[in-house]
Structures are given as structure tokens and as C-alpha cells.
Amino acid sequence: MNLDPFHTASDWIHSCSPAFAGADVDRLTRLFLRDGWRRDLLVFTWDFRSLEGHNKIASCLRRYWEKAQIKDICLDESKELSPCTFPFANSQAIGVDFAFSFECVHGHGRAHARIVPAADGVFRAYTLLMQLEDLVGH
């Protein structure tokens, strides 16, 4: 398989940006593997949260989504964080590891995602970490 990590990461970002902009929880949840993880560090709430699976991820997003106001998602193309491939544990699949930035109501955020091909061939998030990096006005 000839996998272009930059193209694959860009496609995933392109798929999730409208979900974030439209606060479409169901659309974003479908971008995760069924047993995928979402970790939030002060973006959606003033807590650290780690959630596994569609139900928990969707439930939390429904409660806090509109308060976060995620927008301006941009793939990080720096040498250190540009998209790259990795072997997905206990399978023959190759995943893509990448970082991106975003803006939210409280400030500037950064994120790290690991996406892998699901059974249908579509790349979905195995892990997504989103963290607040800078507060507005500070």
C-alpha cells in the first residue's frame, strides 16, 4: 500500500472541520473508531478528560460542544510534527500520526491525532488529544 501521510491527514482534517464548525457531534463521532479515544485538556471544560468509545465521546461533546467554538483548524506542517506513518499495534495496518492547531473560545489550541483505516477502509481516529495552549488576553 502506497500511503501518503500528508494527503491522508489533510483528508481527515477536511472531514472534521465542517463537523467542528457546525457543532455536528454525530458527524465528528463517526470520524472515530468505535473504540477510539478523545482526550481533552481544558478545551471543552476546565478539566482533563479521557473518553473511550462513540457513546462517551458523543455524550460529552453534546454537553460542551457549543461552549468550545472550535474553528480555524490547520494541519501542522513543521518538520517535527508533519504527518508521518506508524505501524498500528497488533495488526498489519499502517496509521497516520499528525498534529494540528485550532482556535476556540478560550484561546489557541493544539491537537495530536492518530488515525488508522477502519474495516471499511476509511481512516478514523484511534486517538485525538486536544489541548488549550494559550488563553485569550494572557
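The values are calculated or read from the model by the stated rules, or taken from the named source; none is laboratory data. Being a predicted model, the structure only gives us computed values, none of them experimental. Cβ sites come from the backbone with ideal geometry, for glycine too, and all protein chains shown count toward neighbours. Ligands, DNA and RNA are excluded from the accessible area calculation, which covers all protein heavy atoms including side chains. Shrake-Rupley method; radii C 1.70, N 1.55, O 1.52, S 1.80 Å.
Computed quantities for the displayed model
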| quantity | calculated |
| --- | --- |
| When residues of segment 112-130 are limited to those that are part of a strand (DSSP E or B) and open to solvent by 10 Å² or more (accessible area, probe 1.4 Å), the one nearest to ARG39 (Cα to Cα) | LEU129 |
| Filtered residues of segment 70-86 (kept if open to solvent by 30 Å² or more (accessible area, probe 1.4 Å) and either in contact with a strand residue (DSSP E or B) (Cβ under 6 Å, 6 or more places away or on another chain) or of a type in the set (D, E, K, R) (or both)) | LYS71, ASP72, ILE73, CYS74, GLU77, LYS79, GLU80, LEU81, CYS84, THR85 |
| All positions within segment 44-53 that are touching a helix residue (DSSP H, G or I) at 6+ places or on another chain (Cβ under 8 Å) and modelled with pLDDT under 80 | PHE44, THR45 |
| Segment 92-138, residues that are under 30 Å from ASN2 (Cα atoms) and of a type in the set (Gly, Ala, Ser) | ALA93, GLY95, ALA99, SER101, ALA111, ALA113, ALA118, ALA119, GLY121, ALA125 |
| Search result, residues across segment 20-43 that are open to solvent by 10 Å² or more (accessible area, probe 1.4 Å) and either farther than 24 Å from VAL96 by Cβ or modelled with pLDDT under 80 (or both) | ALA21, GLY22, ALA23, LEU41, LEU42 |
| Filtered residues of segment 87-108 (kept if open to solvent by 60 Å² or more (accessible area, probe 1.4 Å), assigned to a strand (DSSP E or B) and either touching a helix residue (DSSP H, G or I) at 6+ places or on another chain (Cβ under 7 Å) or more than 23 Å from LEU33 (Cα to Cα) (or both)) | GLU103 |
| Search result, residues across segment 35-71 that are basic (Lys, Arg) and under 17 Å from ALA23 (Cβ atoms) | ARG38, ARG62, ARG63, LYS67, LYS71 |
| Meets criteria (part of a strand (DSSP E or B), more than 13 Å from ALA113 (Cα to Cα) and not aromatic (Phe, Trp, Tyr)) for ARG34 | yes |
| Criterion: at pLDDT below 85, open to solvent by less than 40 Å² (accessible area, probe 1.4 Å), farther than 13 Å from MET130 by Cα and part of a helix (DSSP H, G or I) - qualifying residue of CYS60, CYS16 | CYS60 |
